[in-house]
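Written out below as structure tokens is the structure these notes cover.
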Amino acid sequence: MDGGALERVDTVLVDVRASQSGDPAAGVRAAFAVARGKPVVALGLDRDECALLASVEAGAAACVTVDQSIDDLVTIIQATLRGDLVCPPRISRLLQEHLLQISLREREVQRLTKLSSREYQILSLLTDSLSNKLIARQLGLEVPTIKNHVHNIIVKLNVQNRVEAAAMLRGAGEAMAAK
């Protein structure tokens with residue numbers, strides 16, 4: 001679609017069943033990329049929560065399931081033109097949970113930035129379940145020095161123990177890899 005034609009479009013409708021990749025969200029992502037802020041409505045979804053959630057995450061302003069009527073479609077398009085997100089309540093809840101998880105991971109990443117480079121190095125070794133003695137040997141430091149660093153890591157990250165601290169680093173690493 002050329003840029004001039006898109007200027008005359010109010011809403012972009014995508015039949016997700018037409019996706020050749022088998023990924024219902026692929027068509028939504030492609031449409032969203034060229035929609036220039038126009039709402040994208042995903043058509044033809046079944047009530048599969050994963051496909052609905054993936055479509056919204058890909059940029060759909062609304063999802064229309066195969067069992068909805070033409071009247072429903074018109075109402076949904078009107079709602080998207082008002083700027084509303086239209087999806088089943090369960091998907092709204094899943095989106096809220098997803099956003100909460102992202103927020104929690106972001107806060108963990110922020111806490112990790114409080115660590116000094118040495119503390120971060122020691123925390124990385126904690127993820128390998130190394131003892132203070134093995135960490136001290138590996139870094140050429142004394143065991144009491146490692147204990148001090150581990151204590152500081154626990155305090156700065158506001159966790160209960162070294163296992164929680166290591167889990168936080170692993171979780172933050174997974175979050176960064178997913179970006």
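Observations
- Pick from the stretch 64-96, criterion open to solvent by less than 70 Å² (accessible area, probe 1.4 Å) and either of a type in the set (D, E, K, R) or within 19 Å of the chain's Cα centre (by Cα) (or both), ranking: farthest from Thr11 (Cα to Cα): Leu94
- Of all residues in the stretch 150-168, none that is modelled with pLDDT of 95 or more has its Cβ atom under 7 Å from the Cβ atom of a residue that is hydroxyl-bearing (Ser, Thr, Tyr) and outside any helix (DSSP H, G or I), 6 or more apart or on another chain.
- Residues within the stretch 84-115 that are outside any helix (DSSP H, G or I) and free of Cβ contacts under 8 Å to residues at least 24 places away in the same chain, tallied: 2
- Matching option when the condition is within 30 Å of Ala165 (Cα to Cα) and modelled with pLDDT under 90, among Glu119, Glu49, Glu106: Glu106
- Residue within the stretch 127-135 that is of a type outside the set (S, T, N, Q) and touching a residue at least 40 places away in the same chain (Cβ under 8 Å) present: no
- Residue count for the stretch 1-45, restricted to those that are at pLDDT 70 or above, open to solvent by 60 Å² or more (accessible area, probe 1.4 Å) and more than 23 Å from the chain's Cα centre (by Cα): 6.
- Filtered residue count, the stretch 9-38, keeping only those that are in a helix (DSSP H, G or I) and either at positive phi or of a type outside the set (D, E, K, R) (or both): 12
The values are calculated or read from the model by the stated rules, or taken from the named source; none is laboratory data. It should be emphasised that the depicted structure is a prediction, and the values quoted were computed from it without experimental measurement. Positions of Cβ are backbone-derived with ideal geometry, glycine not excepted, and every protein chain shown enters the neighbour counts. SASA here: full protein model, heavy atoms, side chains in, ligands and nucleic acids out. Shrake-Rupley method; radii C 1.70, N 1.55, O 1.52, S 1.80 Å.
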